[in-house]
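The structure appears right after this line, and notes come after that.
The values are calculated or read from the model by the stated rules, or taken from the named source; none is laboratory data. Quick caveat, the model's predicted, so the values are computed rather than measured. No Cβ is skipped: glycine too gets one built from the backbone with ideal geometry, and neighbour counts run over all protein chains shown.
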Amino acid sequence: MTKSSHYDLVSKLKPGRIILPVVLGLAVIGWFISREINTEVLSKLSFAWKSVFWLLIAWLCMVCRDLGYMIRIRILSDKELTWRQAFRVIMLWEFTSAITPSTVGGTAVAVVFLHKEGMTVGKSTAVVLATSFLDELYFVIMLPLLLLLVGGTTLFTTSLQGTGASFLNELILFATIGYSVIFIWVVLIGFGLFFNPEGIRNLIIRIFKLPVLKRWHEAAVKAGDDIVESSHELRKRHFSFWLKAATATFFSWTARYWVVNAILVAFFAINDHFLIFARQLVTWIMMIISPTPGGSGFAELIMGRYISDLIPADPVYAGSIALAMAIIWRIISYYPYLIIGALIVPGWIERKFVKPIINKR
């Protein structure tokens, strides 16, 4: 990509773009409060020092998640990035993912972030593709494992009144579509990076010549070229390199999925922690098909309904409480990235794009 195309990509990350996901999220929250959340029931929730402690633990889980990401990106970059640069890249990446639909994410712009932090375009592309591969591989491995340990019926069936068979069918449908997309991506990228990059490139280009996909043909060609270039960077890596990166990936995502557990423990005595963890992971898989920025609205709705039967409360009120817990979950795990990104993006663009142009004059 040229410098101008780099700038075109990054310039779209205006802090003002946080308005859409925030409005969507607030609209859903407002709808929950007015239609489904019994405020009288919520007023009876016991909020004590225990609640403060466990909400802090939930926040620390997100900190651990980001720390795992920083460790991994330093491993994948051969420590070319300092800790400060790694933090900056991760926050910019998360901000981009938060203001774009889950199906888009921040991958394309992440290459620019890394390149502007001093890495070559080729290596930046390799790091981003390796990151994407490891992230999706986590889901490809963990979902079948959770199905084996928890059982499909337990994982997808909720006992709360009002969820019903139709909601169960929607969960299975969303999870199946999301998992299929992830699985296909992992197979294509894995085979392309480690076995036959040219073959995968040609396959992608042929697929995107179809009339229904032709509008994305140019982007598909670029993706194919990225796979070929990245393959040369990554195929020479030793097993220990991948083991360290995979361990950091496992640590990062697993920490993220303990957030809801900590939130629930802040208010209730919870027994089935592993099932809550499993349902968080499935929720994230379903979010891959959400058309809204960062899954706004979709995430709150699905999670609120999905964990309702795991809350030790009267079923009549559990739905209201579950939706409130889902809102707290998003406040801890989503909205901070909007704020941090909005603070970092303007200064970063100024340093990496505007000042270099001025200095050349």
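Residues are listed down the side, and each one gets a yes or a no for (1) charged (D, E, K, R); (2) surrounded by 20 or more Cβ atoms within 10 Å (Cβ to Cβ); (3) within 29 Å of LEU134 (Cα to Cα); (4) at pLDDT 80 or above:
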{"site": "SER5", "(1), (2), (3), (4)": "no, no, yes, no"}
{"site": "ASP8", "(1), (2), (3), (4)": "yes, no, yes, no"}
{"site": "SER11", "(1), (2), (3), (4)": "no, no, yes, no"}
{"site": "ILE57", "(1), (2), (3), (4)": "no, no, yes, yes"}
{"site": "TRP83", "(1), (2), (3), (4)": "no, no, yes, yes"}
{"site": "ALA86", "(1), (2), (3), (4)": "no, yes, yes, yes"}
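Taking the range 152-175 as the range and being assigned to a helix (DSSP H, G or I) and either at pLDDT below 55 or of a type in the set (A, V, I, L, M, F, W, C) (or both) as the test, the residues that pass are LEU155, PHE156, GLY164, ALA165, SER166, PHE167, LEU168, LEU171, ILE172, LEU173, PHE174, ALA175. State whether one or more residues within the range 228-251 are among the aliphatic types (A, V, I, L, M), in a helix (DSSP H, G or I) and farther than 26 Å from GLY122 by Cα. Within the range 228-251, none of the residues are among the aliphatic types (A, V, I, L, M), in a helix (DSSP H, G or I) and farther than 26 Å from GLY122 by Cα. Taking the range 221-276 as the range and being aromatic (Phe, Trp, Tyr) and either touching a residue at least 40 places away in the same chain (Cβ under 8 Å) or under 23 Å from PHE47 (Cβ atoms) (or both) as the test, the residues that pass are PHE241, PHE250, PHE251, TRP253, TRP258, PHE267, PHE268, PHE274. Filtering VAL140, VAL181, VAL186, VAL127 for residues that are at pLDDT 75 or above, under 29 Å from ILE307 (Cβ atoms) and in contact with a Leu (Cβ under 7 Å, 6 or more places away or on another chain) leaves a single hit, VAL186. Scanning the range 98-109 for any residue that is within 23 Å of LEU67 (Cα to Cα), buried (at least 19 other Cβ atoms within 10 Å of the Cβ), at pLDDT 80 or above and over 12 Å from the mean Cα position of the chain (by Cα) turns up nothing. Would you pick out the residues in the range 302-318 that are of a type outside the set (Phe, Trp, Tyr), modelled with pLDDT of 70 or more and over 20 Å from SER51 (Cα atoms)? Once the filter is applied, which keeps residues that are of a type outside the set (Phe, Trp, Tyr), modelled with pLDDT of 70 or more and over 20 Å from SER51 (Cα atoms), the range 302-318 yields ILE302, MET303, ARG305, ASP309.
Among the candidates ILE328, ILE276, ILE340, the residue that is more than 14 Å from the chain's Cα centre (by Cα), in a helix (DSSP H, G or I), at pLDDT 75 or above and over 23 Å from PHE156 (Cα atoms) is uniquely ILE340.
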